[in-house]
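Colleague: The structure under discussion is supplied below as structure tokens; questions concerning it will follow.
What follows draws every value from the coordinates through simple rules; no lab data is involved. Just so it is clear, the structure is predicted and the values come from calculations on it, not from any experiment. Don't worry about glycine lacking a Cβ; one is built from the backbone with ideal geometry, like all the others, and counts go over all protein chains shown.
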Amino acid sequence: MTKTRTISRNAPQGPSPFAVEAAPLPREKFSDPRITAKGEPRAQVPLARLETLWLNTGTLCNLACATCYIESSPTNDALVYLSADHAARFLAEAKGLETREIGFTGGEPFMNPDMLPMLTATLEQGFEALVLTNAMKPMRRHEEALLALRERHGDRLTLRVSLDHHSREVHEGERGPRSWMPAIEGLRWLSDHGFSIAVAGRLLPGEGEREARECYAALFEKEGLAIDARDPARLVLFPEMDADKDIAEITTACWGILGKSPADIMCNTSRMVVHRKGEAAPRVVACTLIPYDPGFDLGETLAEASCDVPLNHPHCARFCVLGGASCSA
Ligand code: SF4
Ligand code: SF4
């Protein structure tokens, strides 16, 4: 897709501190869903069950992070706001599939005018809800409604806040100036009010996971945040992503070689609903990471989208199989 990011005064000024260092991706890679550039059978992931359904609330965001995988910004509405009416159709279908969790991601979900009705419907229907947010002003506008939902539904509502790094300098290098304190204050508000919270962070090139968890633990203690940095579900650390940089393709033989299984991969248990600008209704895509590639658009309904997913994108290799990332709580 064409990049429509607008540089606002809050956008980061320099290159991302999380930039991937690798040669450019050769054009012949990830070009055929059935076979790799070397002619080997490409790995696929079946849908075992729909454990988590993600609703993409739209790409508009109050930030314009340097390497936002979905290219969100205050002006990019390539994915328009999902409406509560459209969401209701997918919630009803997910209910029939015994889906456990509904995830909300954006952009910044709390910018969507239907966010609270969608979140309320999700919890009222008995699903668990996981909301990915930057915990800044758009979320803070809804404090009263969030407190009421927490009161009624307790830990069935989890908010996962992006704090890209344990240092302010790196976080703001990625997310822009003046993005650190509002996120910390938002997290503190959630923590002080007893919400189920998690943090999503990232590792710098060469930074070890254990060392990063220790630094986050020290930060959480200093800021008085009730988050266990040693619990991988409460501090999720994501590997690097860059669709333009070279990476190995994943073949059917890779599962055995790497000691991994399709069951370890997100699209084995999840799907995402997106509403693209110019389309009359939302569609279902394989996962949260690839909203625009037509090869990962699986249909109009969850039933249609229950097919196998060929791992035909650099994110499949770098992020999911080799990086071992999982998105759910
Ligand atoms: S806050 Fe999230 S959605 Fe918004 S620009 Fe940053 S990474 Fe993208
Ligand atoms: S990037 Fe998406 S489609 Fe590819 S392996 Fe990961 S979850 Fe599956």
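Colleague: Under Stokes-Einstein, with the Kirkwood radius over Cα pairs standing in for Rh, what whole-number D in µm²/s applies to the stretch 204-293 at 10 °C and 1.306 mPa s? Write out the running numbers ahead of the final one.
Modeller: Details: Rh = 16.9 Å.
Stokes-Einstein gives a translational diffusion coefficient of 94 µm²/s.
Colleague: How many angstrom lie between the C-alpha centres of the stretch 51-111 and the stretch 164-191?
Modeller: That distance is 22 Å.
Colleague: With only Lys, Arg, Asp and Glu charged, each at its Cβ (+1 for the first two, -1 for the last two), find how big the charge dipole of the chain is about the Cα centre; round to the nearest 20 debye.
Modeller: Dipole size: approximately 260 debye.
Colleague: Roughly speaking, what is the stretch gain from Tyr69 to Lys222, that is 0.36 nm per residue apart minus the C-alpha to C-alpha distance, in nm to one decimal? Don't skip to the end; give the middle numbers.
Modeller: Details: separation 153, 0.36 × 153 = 55.08 nm, distance 3.04 nm.
That works out to 52.0 nm of additional length.
Colleague: Determine, for Arg27, Arg140, the number of other Cβ atoms within 10 Å of each Cβ, and report the residues in order from fewest to most.
Modeller: In order of increasing Cβ crowding within 10 Å: Arg27, Arg140.
Colleague: If the viscosity is 1.002 mPa s and the temperature 20 °C, what translational diffusion coefficient in µm²/s does Stokes-Einstein give for the stretch 9-131 when Rh comes from Kirkwood over Cα pairs?
Modeller: 124
Colleague: Grab the alpha carbons of the stretch 275-321, take their convex hull, and tell me the volume per residue in Å³.
Modeller: 74
Colleague: Shifting gears a bit: If each of Asp264 and Lys245 carries a label point 7 Å out from its Cα toward its Cβ, how far apart are those two points in nm?
Modeller: Each label point is offset 7 Å from its Cα along the Cβ direction, giving 2.1 nm.
Colleague: With a point put 7 Å past each Cα toward its Cβ, work out how far Ala281 is from Ala22 in nm, to one decimal.
Modeller: 3.8
Colleague: Stretch Leu97-Arg141 to full length: gain in nm at 0.36 nm per residue minus the Cα-Cα span?
Modeller: This chain segment gains 12.5 nm when fully extended.
Colleague: Same structure again: Between Glu169 and Cys307, what is the label-to-label distance in nm when each label sits 7 Å out along the Cα-to-Cβ direction?
Modeller: It is 5.0 nm.
Colleague: If I stretch the segment between Glu185 and Glu211 completely, what's the gain in nm (0.36 nm per residue apart, minus their alpha carbon distance), one decimal?
Modeller: Values: separation 26, 0.36 × 26 = 9.36 nm, distance 2.42 nm.
Taking 0.36 nm per residue and subtracting the Cα distance, the gain is 6.9 nm.
Colleague: Now for a separate question. Ranked from highest to lowest mean number of other Cβ atoms within 10 Å per residue, what is the order of the peptides 93-99, 179-185?
Modeller: Ranking, from highest mean packing down: 179-185, 93-99.
Colleague: Okay, moving on. Can you tell me which of 187-200, 53-66 comes out highest on packing, and rank the rest after it, using the mean Cβ neighbours within 10 Å?
Modeller: 53-66, 187-200
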